1. Do we find that D:Gly149 is at positive phi and either away from ligand 2 (no atom under 16 Å from the Cβ) or assigned to a loop (DSSP other than H, G, I, E, B) (or both) in this structure?
2. Pick from segment D:178-232 the residues that are within 11 Å of chain C (Cβ to nearest Cβ) and of a type in the set (Asp, Glu): which of them is nearest to ligand 3 (Cβ to nearest atom)?
3. Given the condition free of Cβ contacts under 8 Å to residues at least 24 places away in the same chain, over 21 Å from D:Thr58 (Cβ atoms) and more than 16 Å from ligand 1 (Cβ to nearest atom), answer yes or no: does some residue in segment D:231-243 qualify?
4. In segment C:156-177, which residue that is under 16 Å from C:Lys113 (Cβ atoms) and surrounded by fewer than 21 Cβ atoms within 10 Å (Cβ to Cβ) is farthest from ligand 3 (Cβ to nearest atom)?
5. Which condition from (1) modelled with pLDDT of 90 or more; (2) away from chain B (no Cβ under 11 Å); (3) within 19 Å of the chain's Cα centre (by Cα) is the one that E:Phe166 breaks?
6. Mind checking whether some residue in segment C:80-103 is in contact with a helix residue (DSSP H, G or I) (Cβ under 7 Å, 6 or more places away or on another chain), closer than 29 Å to D:Pro155 by Cβ and within 16 Å of ligand 2 (Cβ to nearest atom)?
7. Six or more apart or on different chains, Cβ under 6 Å: which pairs go from a residue in segment C:157-177 that's among the aromatic types (Phe, Trp, Tyr) to one that's more than 15 Å from ligand 4 (Cβ to nearest atom) and at pLDDT below 95? Could you list them?
8. Would you pick out the residues in segment C:39-60 that are more than 8 Å from every other protein chain (Cβ to nearest Cβ), farther than 16 Å from C:Val236 by Cβ and out of contact with any Lys or Arg (no Cβ under 9 Å at 6 or more places or on another chain)?
Amino acid sequence: FGLAGCSKVSDSQSASSSNGGVTTINFVLESNDKPYAYADENGNPAGFDLDVLKAIDDKLDNYSFKYQVQDYDTALVGIKQGKYDALIGAFFETPARAEEYQLSTPYNYYFMNLIVPENSSINSLEDLNGKSVAPIVPTDGRYVAIENWLQRHPDVKIDVPTVSNQETFQNMINEVHDGTYDAVYLSKEQYDGVKDALGYSMKVTDVVDGAGTVILYNKDNGTDLKNDVDTQISALINDGTFSDLSNKWFGQDNYAIAKNLGLLS
Amino acid sequence: MESPMQIVSKVLPGIIAHIPQTLLYWFLPSVLALFFGALLCWARVSNRHRPLYWICTVVISFFRGTPGIVQIYIVFFGLPKLIWAIGYDVSDWTAGVYFVIATTLNLSCFMAETLRGGYLALDRGQVEAGLSIGFSRVQNFVHVIAPQTLKVALLNIKNLEIDVLKDTSVAYTIGAVEIMGYANRMISLRSGLGQLWILGTAAVIYFIMCTVLEVAFNLATRRISRFEGVSR
Amino acid sequence: MAELSAAGGTKPTESTVVSVQGLKKSFGKTEVLKDVSFDVSQGQVLSILGPSGSGKTTMLRCINALERPDSGVISVDGISLDYGQGKPRFRDVLRQRRHTAMVFQHYNLFKNKTVLHNVTEGLTVVQRKKSEEADAIARDALEAVGMTGFEDRYPSHLSGGQQQRVSIARALALNPSVILFDEPTSALDPERVNEVLKTMKDIAARGVTMIVVTHEIRFARAVSDTVIFMDCGRIVEHGAPQQVIDHPQTERLQEFLNSLAAHEFE
Amino acid sequence: MAELSAAGGTKPTESTVVSVQGLKKSFGKTEVLKDVSFDVSQGQVLSILGPSGSGKTTMLRCINALERPDSGVISVDGISLDYGQGKPRFRDVLRQRRHTAMVFQHYNLFKNKTVLHNVTEGLTVVQRKKSEEADAIARDALEAVGMTGFEDRYPSHLSGGQQQRVSIARALALNPSVILFDEPTSALDPERVNEVLKTMKDIAARGVTMIVVTHEIRFARAVSDTVIFMDCGRIVEHGAPQQVIDHPQTERLQEFLNSLAAHEFE
Amino acid sequence: MNLDVDFMISDMPTVVAALPSTLILSLDSMLWALVFALICGGAQLARVPVLDKVTLVINTFIKGIPLVVQLLFCYYAVPYVVKWFDGLMHRTYDPQHLPYFGAAVLALALNFGAYITDVVISSTRAIDRGQWESAYACGMTRFQALRRVVAPQIVVISLPNMTNYFIWLLKGTSLASIVNVVEMLTTARLSAADGYQFLEAYIDAAIIYWIVCAFIEWLSGRIYHSAGSYLLPPNASTA
Ligand SMILES: Nc1ncnc2c1ncn2[C@@H]1O[C@H](COP(=O)(O)OP(=O)(O)OP(=O)(O)O)[C@@H](O)[C@H]1O
Ligand SMILES: Nc1ncnc2c1ncn2[C@@H]1O[C@H](COP(=O)(O)OP(=O)(O)OP(=O)(O)O)[C@@H](O)[C@H]1O
Ligand SMILES: [Mg+2]
Ligand SMILES: [Mg+2]
């Protein structure tokens, strides 16, 4: 807790500041979304997203990235208010978001699996027709993804109850295990994080859906940064750097899977 | 699978290490709010300047009437811009500063009304006795009004303080990490595993602090109202 | 002792300590004081007689600026407040007040302070006396009213008469130019009344000016230099006690004084 | 009027309404009442004299069970509470209390009720009278003390004497067997004193028993059937007024009464 | 600040629609909180043996634990409790529709009841002993003295603090989202999920909260002026 002092304003109020041609960019990472972006035990940023940003920063000589973690709502409000320049943390793209923020091209892909009881015959979202998934908070990316998928498949009707408070993964899985709901709509990595603590095992389906995740920029910033970063994202995906990171964090190559699903060309 | 004991022993040192932070986020607003609350209360009860009365009434109404999170956001995002507008850059202030400012503003308004409750119970004759022996307003306040108002208000002030202590747990929403922030961080690091146990550990720590506060205030109440009981 | 002051409305003489001119005060629609004027010279004892509800307390409270008159000029020891000009500044009120002390009809002791501290409070806080000095003064004052031995009690643990005596001691200890007494012996037995009135007489002899609201007509006659008889918010008679009490001019006062005789119930 | 009761300690006679036996009360280490006993017969007026702090108020409060004596037996109208047996049941206390009414030294008017409601409250709530009936009784009682016209005021807007009169009216209106008066005329001017004392006399003539703590020695002599002189928590003298006041036996009382003469200050 | 005013306007109806649930939740909780506070406060003031100590300990306990934790506890406890009562009173266990509203009311009522207990106690103690005594001297029972004389004065003295806690409770209902009770603040937050206009949505909610609170404050002022008229000068000025 330090009141570091208030220096007289130099040039602009934007969170970024330039010094000898190198522009400092304040990146904020979501604090609560392991393994994508989270705070480690000491409160420092960590996760796949951080490694992605570091890889990009290495390539960009005229920018220097600074990182901090922040709570979900606060980070989003902070970007809009110009307190931070950019936000990363497994955010999906929606038309409404595209209006409120500048969005990067997808730097990663997020895949959904269904977690179902071992004896279940459910293997895909189509199999869930007329059935239910464990409740999801509307602010969760999974909600965006499943609603998106349902729009693309108007003939499939799945009950997606919403709640106002996100339960732990463990609880959601418990609720499916005891039959309250039919499936948990979750990524395999997230399931893997808790599976040892369950005391029983569940079936994880193959990937049922996926979507790209993007970086959110303050809308009032120029497009230079976005363009420069986008260029590097493509380059780093193509040269396999991101695939290495993906293997390191998720034990799989998200980019290869995305190519298979047709999400990435 | 980890046993609850293992989980608790893993997070306990970290939680304890964050106690000073929590206490700081509690102590600063408490002390400041006592001062500002008294000022607001004075403006309301003295009813001396109509404009001042109305300004204070609106301020109290605003900070009591709007959700804390909105106040925190307004301070966290709005204040730096305001200060920037008058020519200072405070972008390097830590989140804790904003949290303390927002809490102080909010608590002051509740405090003002609690103090007003005590003041209403005050016998006019006591105030007049003070004035008649030549006390200035400040002297009368310090020697007559404050002690007797506090006597009635103390129980309620205690409760405000206890609540502020517990509400420090909101600080993590803007990144000021104390006990609750740390607990949340651990929960998310562990993908929600053992959430109940971690929260429970934090709750026990809060409980101990609150109980200490409660007991201390109860002793103070007894001492401050000793002039009432039958002498024994 | 000091000479009699002229009747109300005249110019204050040089030795005038308290001067009240054209005092008016209403509570809501009730006019409580209707154009009251009088002067008191230094070292004088002024007694105010009058039936219950005639405005005596209100007048004392106005002199101590606890009540804001609707109009009128009140000056104490040369510090003058003109209430016709609107609300006076608190600083001036304070300056004026510091020349007076008041014994309240309801005593108004500080509930949260012991007897001793009730008396020392004004000495240490307002007059900035050292605490030993204040203690000594307070003990003297308490002795004068027979309250030695009760120094450490809280007011709620005192009998009515004891509270009244502490309240008198508190005013005496301040040693101001003017003391305002509101029925200072109402709760006292004849013995104590004597003692307290003697103490008051001693203090008056030291040149302290006193305004005493009282129902003890014999005290008024024996001790005071001037007597005012009030009724319905007006001064009905005003003059030397020999004149006012022994030769009342108005029927109202005659009636009032006659009731003293009827006191014998037979 | 009723015959004199025998001095303290004897068996209550048949017409005894209030009987106090072996009353003891301490506040902390201070013994305030040290073995006080006396009886009062129906329709009698008992006056209690005594210096400030001698325990008069405490005794009245014990009779009204507002203070719990350490020991002693108090009976009122045949309802007897033995404090030696520990804390009496509230039900019994209440039953006893409903035969008495009390005029407090500090008036204790209900702050949140108007003058009229202060008086009607006991009538409607305790005696379950209809509100019109209660109003009529209250207005009569208020008239008896000269408080007509103040019915709708709150106590804080009354002068001291006015509050005292309302408090008297409140007790009178209840029309109990016993009324306890604690210095009922302390804040009143001689005129009002006369009026109130006359009212009290009238009520006594109606057979209401009264215990009056007073500093008005002439009233005690003129109106009461028995006089008690207390000092330091003991009854020092007890008897008919002619005996106690005109022929005091003890030095203490002689001294006390002498101060009345000294009252003349000359 | 950068605010999406269009969104604020278009989102307002959604937020307002959630106001009734917030109001019902707060009124319900306040009612039970008062009942709880009167019982605890009464026990402690009257020094009812055992009960006074028990309520003191319970209250200290409740106040010592963050409301969030109490709500979470209820959240986890509800399914068990409901399963326990399965079949009783014509209720069947439906895990998808658990009675979380009752749990929220319970948690809020206990939590605020513990605080309001102290309001009751402190304002009762602030009443001059003479007021009780003169009521007793008139022959009133304890209850009559309380109802006719003391309680009306307590109401006046406790008004600022009661208003404090009611307002606090009103806003505190937002935590009920933890047990999936839909109320205004969370409704506002969720309605902003698509475009992340959280601040805007929060401000919408804040405006409505503020209006409601202003109404409560106005009401409290009215009560003060009628119940507390004895404290006010008869339209007079005092220096
Ligand atoms: N605060 C008040 N509000 C309204 N009326 C008041 C107030 N104080 C006093 N009065 C009224 O003003 C009149 C004068 O009151 P004041 O206290 O000056 O009388 P007083 O002469 O001191 O009488 P007493 O001898 O009974 O004490 C009374 O009729 C009283 O009812
Ligand atoms: N609550 C109390 N706590 C401790 N001491 C008390 C309390 N009330 C009274 N006393 C003491 O008890 C003694 C008797 O008090 P009490 O009020 O009965 O006197 P009193 O005879 O009525 O005197 P007065 O004429 O002054 O009213 C006094 O010395 C007083 O200091
Ligand atoms: Mg008076
Ligand atoms: Mg007494």
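The values are calculated or read from the model by the stated rules, or taken from the named source; none is laboratory data. Note that this is a predicted model, so its numbers are computed, not measured. Because the Cβ atoms are built from the backbone with ideal geometry, glycine has one as well, and the counts that use them run over all protein chains shown.
1. yes
2. Step by step, filter segment D:178-232, then rank; the result is D:Asp189.
3. Within segment D:231-243 (the criterion being free of Cβ contacts under 8 Å to residues at least 24 places away in the same chain, over 21 Å from D:Thr58 (Cβ atoms) and more than 16 Å from ligand 1 (Cβ to nearest atom)), the answer is yes, since at least one residue qualifies.
4. Among those residues, the one meeting the criterion is C:His157.
5. Condition (2) is where E:Phe166 drops out.
6. yes
7. Close Cβ pairs (under 6 Å, with a partner that is more than 15 Å from ligand 4 (Cβ to nearest atom) and at pLDDT below 95) do not exist here.
8. Once the filter is applied, which keeps residues that are more than 8 Å from every other protein chain (Cβ to nearest Cβ), farther than 16 Å from C:Val236 by Cβ and out of contact with any Lys or Arg (no Cβ under 9 Å at 6 or more places or on another chain), segment C:39-60 yields C:Val40, C:Ser41, C:Gln42, C:Gln44, C:Leu60.
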